[in-house]
Every structure is written in structure tokens, then in C-alpha cells.
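S.K.: Here it is, the structure, as C-alpha cells.
The values are calculated or read from the model by the stated rules, or taken from the named source; none is laboratory data. As the structure is a computational prediction, the values presented were derived from the model and not from experiment. Counting neighbours? That spans all protein chains shown, and the Cβs are built from the backbone with ideal geometry, glycine included. Please note that ligands, DNA and RNA were not included when accessible areas were found on the heavy atoms of the full protein model with its side chains. Shrake-Rupley method; radii C 1.70, N 1.55, O 1.52, S 1.80 Å.
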Amino acid sequence: MRHLLSAADLTRDEAVHVLDTAEAMAATQQREIKKLPTLRGRTVVNLFFEDSTRTRISFEAAAKRLSADVINFSAKGSSVSKGESLKDTALTLEAMGADAVVVRHHASGAPHRLANSGWINGAVVNAGDGTHEHPTQALLDAFTMRRRLCEGDITGQDLSGRRILIVGDVLHSRVARSNVLLLRTLGAEVTLVSPPTLLPVGTDAWPCSTSYDFDAELPKADAVMMLRVQRERMNASFFPSVREYSRRYGLDGRRVALLPDHAIVMHPGPMNRGLEITADAADSARSTIVEQVANGVSVRMAVLYLLLSGEQPDLQGEVVAP
């Protein structure tokens, strides 16, 4: 693959290969010296047209630990605020010799446009586009699930037979779309739990099932992923009140107790504590929320490595020829 634009771009074998490579990268992060020389001389540009903390810092850390040169571009304070187009920004990056562009944009489809326009020759990684997709978030979520839910040597394993609940504001969530596609590719059974007003039109064609009854689905789940209520994207009243939403679709201690003993609690962050998830649920022993942040660096190291190098690291973290 030349780009990573959608979770649908990955076959089952390709997705597992990324997860296995991320395991090798994670092993290197346990060493005293965490840097690898594998992308020395390459330039990675973080092109962010939207605010971000976890994703931007994660990609920056991943590129730097692979010894790449990193350029951070923020729309605020740049020529974009003066009216510069995406095309002109891309041409500027190409002139600077960008080998990879990690792009987050408020417009759905912007990374696809960047990758297929001919404006730049480097690899394009979608770090979130509008309400469309966020493939590396789905990869790090799958990486976390595989580590916590699979047994024995997890190398080469997928998530076949696992039951995953994705709960909350699916309508505005790029994370939900990417997770549905990737988890189904990896063999998991996915159920969307949401009020009808926060389900997109056409979810009956998605490779998942839907439910409005949160409590009924919990005893069958291996993992429950809570989605942030994206009030900044809402332009209407999608639910009567915060209290009503929390009562029907929020994860609290009572609902955590309904989960099987092995089940885990996830959230892509940032969280609205007290809205979609309570503090006791977010900080419980089942929670993988902090792990997801740490795993994001390893997964993004793997993505950049595979796109820019094409070599195969072994599971001790040493780089060997393919």
C-alpha cells in the first residue's frame, strides 16, 4: 500500500501484518534507548487543520522514534488562515520534500483528494477527516483488543468471534466508521448501540448490527467502546437532555457490572466524564483508555514504517530484510 486512507483499504492479512509489526515496535519501546534508525533521512509532515492532542502528539512521537525528521503544520497561524488552499499547501510541502503527510481535516474526503490529486508524491495517512474515517485509531483499538482478549502467542491472530459494542454518537464519529470496517475485517461481531437520532442513514448496509437497548447487549460483550458526544459538530437537539442521554446510553458502575468478567472498557478520547462515561467506569480495572494512548504510538510507528520502508521487523524489534 502506498497510502492509508480508510480502514477498508486493509485486507485481513494486511491488518494482521500491521498489528504484528506494531507488536515489534512496542517491544523496542521497552528498551532504555527507544529510537530506531529505520526512517533516518525521511521527512514526515503532520498537517493538521483541526485541533488535536493525542493523534498529533502520537504521530510526532512515532516518527521521531523512527528517526524521521518531523514538521508540524497547524492551520492556525499559517497561510491557511489567510485563505491558502489545500492544493497550495500541498504543493509547498512537496517542494520541501515531504516523504509522508499525516493529514487531519474538517472536510470528509480531504486525505483522499490529497492522495489522488498528484499534488504530492509522498505517502498520505488519514488522521481523521470530518465525520468520515480515522483508520489509525481503529488499528490501535484493534491492537488493544487483541492484546487483552486473545490468549497465547497473539502473532498472526485476528479477532474472530469477539463481540464488540460501539456505543454513543455514531452519527458524528469517524472512529465508529473505521472500527466497524476494520473489526469486521478481523472477524469480530460489531453492534452499534445508539439513540436513533445519532445513527447515520444507511447503517443497515454496514457490516454490523444495531440496537437501542444498551443493558441487553452488555452481558454478551467482550469489549464496549464508548464514543464521545461530539457537541461541537451538532447543530440541533439530538437528545432531550444530557441527563436523559447519560441515563440511557452512559456507561456507569452499574452497567460495568453487567459485563462478563473478561470484558474491557474502551474510549478513543477525549472523554466527557459524567456524560457518556462516569469516572468510576473510566478509571476501573477493566478500562484500557490509557493503554490505547500508549498503543497508538506503536501502531503509528508500524504504519509509518511499512509505508516508508517496506522492510519487515522481527519481534525482537531488530530490522531485517523482507
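S.K.: Probe of 1.4 angstrom, ligands and nucleic acids ignored: what's the accessible area per residue over segment 1-120, in square angstrom?
M.R.: Result: 48 Å² per residue.
S.K.: Can you classify segment 203-296 as rounded, prolate or oblate using the Cα gyration tensor, where a ≥ b ≥ c are the square roots of its eigenvalues, rounded means a/c under 1.5, and otherwise it's prolate if a/b beats b/c and oblate if not?
M.R.: Verdict is rounded for segment 203-296.
S.K.: A follow-up question, please. Give me the percent of the accessible area of segment 135-289 that comes from carbon and sulfur atoms, probe 1.4 Å, all protein chains in place.
M.R.: The nonpolar share, carbon plus sulfur, comes to 48 percent.
S.K.: While we're here: For 212, 305, give me the order by solvent-accessible area with a 1.4 Å probe, most accessible first, ignoring ligands, DNA and RNA.
M.R.: Order by accessible area, largest first: 212, 305.
S.K.: Select from 59, 239, 49 the residue whose mean-square fluctuation is largest in a Gaussian network model of the chain (Cα-Cα springs shorter than 10 Å).
M.R.: 239
S.K.: Another question about this same structure. With the Cα gyration tensor of segment 107-224 giving a ≥ b ≥ c as the square roots of its eigenvalues, does the rule (a/c under 1.5 for rounded; else a/b larger than b/c for prolate; else oblate) give rounded, prolate or oblate?
M.R.: Note, shape of segment 107-224 comes out oblate.
S.K.: If you build a Gaussian network model of the chain, linking Cα atoms that sit under 10 Å apart, which residue out of 197, 43, 144 swings the most?
M.R.: Highest fluctuation of the listed residues: 197.
S.K.: Still on this structure, please answer the following. If the only charges are +1 at each Lys and Arg Cβ and -1 at each Asp and Glu Cβ, what is the size of the charge dipole of segment 135-289 around the Cα centre, to the nearest 20 debye?
M.R.: It works out to roughly 300 debye.
S.K.: Still on this model: Rounded to the nearest 500 deg cm²/dmol, what is the calculated helix-only ellipticity per residue at 222 nm for the chain, with -39500 (n - 2.57) per DSSP H run of length n ≥ 4?
M.R.: Mean residue ellipticity at 222 nm (helix-derived): -10500 deg cm²/dmol.
S.K.: Can you give me the angle between helix 54-65 and the longest principal axis of the chain, using Cα atoms only, in degrees from 0 to 90, rounded to the nearest 10?
M.R.: So the helix axis and the longest Cα principal axis differ by about 40 degrees.
S.K.: Build a GNM of the chain with springs between Cα atoms under 10 Å: which of 257, 61, 110 gets the top mean-square fluctuation?
M.R.: 257
S.K.: What net charge is computed for the residues neighbouring residue 197, neighbours being all others with C-beta under 13 Å from the C-beta of residue 197, Lys and Arg scored +1, Asp and Glu -1?
M.R.: With Lys, Arg at +1 and Asp, Glu at -1, the net is -1.
S.K.: Measure nothing fancy, just the Cα-based angle from helix 174-185's long axis to the longest principal axis of the chain, in degrees from 0 to 90, nearest 10.
M.R.: 90
S.K.: Let me ask something else about it. Quick one: which of 222-231, 175-184, 32-41, 1-10 comes out on top by average Cβ neighbours within 10 Å, and what's the full order, highest first?
M.R.: With the highest mean Cβ count within 10 Å placed first, the list reads 175-184, 222-231, 1-10, 32-41.
S.K.: Wrap a convex hull around the Cα atoms of the chain, take a quarter of its surface area, and give that in square nanometres.
M.R.: Spelled out: convex hull of the Cα atoms, projected over all directions, averaged, 16.6 nm².
S.K.: OK, next. Tell me, what is the per residue accessible area of segment 135-289 in Å², probe radius 1.4 Å?
M.R.: Accessible area per residue: 40 Å².
S.K.: Can you give me the angle between helix 86-95 and the longest principal axis of the chain, using Cα atoms only, in degrees from 0 to 90, rounded to the nearest 10?
M.R.: 40
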